[in-house]
1. Out of everything in segment B:18-40 that is over 19 Å from the mean Cα position of the chain (by Cα) and of a type in the set (A, V, I, L, M, F, W, C), what residue ends up being nearest to DNA strand C (Cβ to nearest atom)?
2. Going by the structure shown, is B:L114 open to solvent by less than 40 Å² (accessible area, probe 1.4 Å), touching a Leu at 6+ places or on another chain (Cβ under 8 Å), within 18 Å of A:A180 (Cβ to Cβ) and not assigned by TED's automatic domain parsing to the domain that holds B:I21?
3. Anything in segment A:16-34 that is in a helix (DSSP H, G or I), open to solvent by 30 Å² or more (accessible area, probe 1.4 Å) and closer than 15 Å to A:Y100 by Cα? List them, or say none.
4. Do you know which residues across segment B:124-159 are of a type outside the set (D, E) and surrounded by fewer than 18 Cβ atoms within 10 Å (Cβ to Cβ)?
5. When segment A:1-17 is examined, which residues are found to be more than 6 Å from DNA strand C (Cβ to nearest atom) and of a type outside the set (A, V, I, L, M)?
6. Tell me the helices (runs of 4 or more DSSP H) entirely within segment B:35-144 that contain at least 3 residues that are within 16 Å of DNA strand D (Cβ to nearest atom), at pLDDT 90 or above and within 13 Å of chain A (Cβ to nearest Cβ).
7. Of the residues A:H162, A:H121, which single one is in contact (Cβ under 8 Å) with a residue 24 or more places away in the chain, open to solvent by less than 20 Å² (accessible area, probe 1.4 Å) and not hydroxyl-bearing (S, T, Y)?
8. Return the residues of segment B:1-11 that are surrounded by fewer than 18 Cβ atoms within 10 Å (Cβ to Cβ) and among the basic types (K, R); say none if nothing qualifies.
2 protein chains.
Amino acid sequence: MRYRRGIEARERILNATRSLIADVGLEGTTIKAICSRAEVLPGSFYNLFDSKEQAILTVVREAIDAVDPDPGHTGPDELTDLIDAYLRFVTEQEDLARVYIAIAVSGGRNRTELKNRVLRHHEKRVERFAAAVSRLRPEMEADEARQRAETLVTSLNGMTLHYVLDTDFDLAVHARSLAAETVGA
Amino acid sequence: MRYRRGIEARERILNATRSLIADVGLEGTTIKAICSRAEVLPGSFYNLFDSKEQAILTVVREAIDAVDPDPGHTGPDELTDLIDAYLRFVTEQEDLARVYIAIAVSGGRNRTELKNRVLRHHEKRVERFAAAVSRLRPEMEADEARQRAETLVTSLNGMTLHYVLDTDFDLAVHARSLAAETVGA
DNA sequence: CTAGACATTGAGTGACCACTCAAATTACGA
DNA sequence: TCGTAATTTGAGTGGTCACTCAATGTCTAG
């Protein structure tokens, strides 16, 4: 059980962790910085979390879940819906998008836990895109659809990577143009 | 002036730095790790470099330069040559490719020096690709060619990012397919 | 109101970080 | 072979890291 006070502190810590990863990346996200932003002392942090890693993983899970719209949904998607949902995610939840990119790279280096999570998520995403591509182009072979879906997903990641470095980059224009050219969406 | 011994130590340090960034990323690249791999003691390191940052920057410059084939060349390129050269760079100099991706993300966070370097290089790369696209499709507007070139470059980065996480990913197939679909190369 | 669970405080722990330096050793032109 | 400059040695510096803990303060069910 937790008292109201602890629940609020926990929320502040997660917000601080999320914005820190977005602002300065995983390496700059220290206990001291988290506590300072959350207005909490280290002792309180460790009363609420077992480790720094646990707080980070909570935020990362949140980011990965947020990439996929309509979670739990199993039916078919339109490709344009998938792309628009992703664009909405990146622009409306920029912090989470930065978290997603940060862990997609530096997170997936050594830490097996994060790396597996990233790769598993990538697989699911490609499959969802592949189904949408097949729906849009029924005449296309399944293998070909899957390959184009993977091209799309990795390319979207690359564009997002550039977007977080240069927010003048028009992600939406490039993403839609890419979808139009590769699968006629 | 440097003695032979110092020149060799410097070379070992740069090799160690390069492979460390490739293996464990920027955050895992410590003086201790560099010295251990280079078989050098910290005092020797600081006899040859002003700081850890200097050694890293030297390697990063090397990586950025290696992305562009035929440096100093100013004439027109074929788009397929540019793509093939990039694929050769990624597969034949995987360490440098990993360095390039590592700094494209985590490097471009806080450190203004690295970030500016990355963005400047991106601009030049896009321009070179745009020229190649215009050459391939003379009827295309310059703006459109540039936009497609930028789509291409950011997408290639995204694919490379995925490739360094999952070396089973067939970078060449996806890259060539992307080029074929977006500009008919 | 009170008891006991929960939360905060903040100094302290050992480990590791980038980096230094004086003394000893090695290289190499003259 | 000698003088001096380059290099190596390795213990040591101050700082920051993630994390701990006993004491104190706060909450809330009954």
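The values are calculated or read from the model by the stated rules, or taken from the named source; none is laboratory data. These numbers come from a predicted model, not from an experiment. Virtual Cβ from ideal backbone geometry, glycine too; neighbours counted across all protein chains shown. The area values use the complete protein model at the heavy-atom level, side chains included, leaving out ligands, DNA and RNA. Shrake-Rupley method; radii C 1.70, N 1.55, O 1.52, S 1.80 Å.
1. B:I31
2. Working: open to solvent by less than 40 Å² (accessible area, probe 1.4 Å): yes; touching a Leu at 6+ places or on another chain (Cβ under 8 Å): yes; within 18 Å of A:A180 (Cβ to Cβ): no; not assigned by TED's automatic domain parsing to the domain that holds B:I21: yes.
In short, no.
3. A:R18, A:D23, A:V24
4. As a first pass, look at segment B:124-159 and keep what is of a type outside the set (D, E): B:124-126, B:128-138, B:140, B:142, B:145-149, B:151-159.
Of everything in segment B:124-159, those that are of a type outside the set (D, E) and surrounded by fewer than 18 Cβ atoms within 10 Å (Cβ to Cβ) turn out to be B:K124, B:R135, B:L136, B:R137, B:P138, B:M140, B:A142.
5. Residues of segment A:1-17 more than 6 Å from DNA strand C (Cβ to nearest atom): A:4, A:7-8, A:10-17.
Answer for segment A:1-17, where residues must be more than 6 Å from DNA strand C (Cβ to nearest atom) and of a type outside the set (A, V, I, L, M): A:R4, A:E8, A:R10, A:E11, A:R12, A:N15, A:T17.
6. Numbers: elements: B:42-48, B:52-67, B:79-92, B:94-102, B:112-136.
Helices (runs of 4 or more DSSP H) meeting the threshold: none at all.
7. Numbers: A:H162 fails: in contact (Cβ under 8 Å) with a residue 24 or more places away in the chain.
Selected residue: A:H121, the only one of A:H162, A:H121 that is in contact (Cβ under 8 Å) with a residue 24 or more places away in the chain, open to solvent by less than 20 Å² (accessible area, probe 1.4 Å) and not hydroxyl-bearing (S, T, Y).
8. Keep residues of segment B:1-11 that are surrounded by fewer than 18 Cβ atoms within 10 Å (Cβ to Cβ), which gives B:1-8, B:11.
Result: B:R2, B:R4, B:R5.
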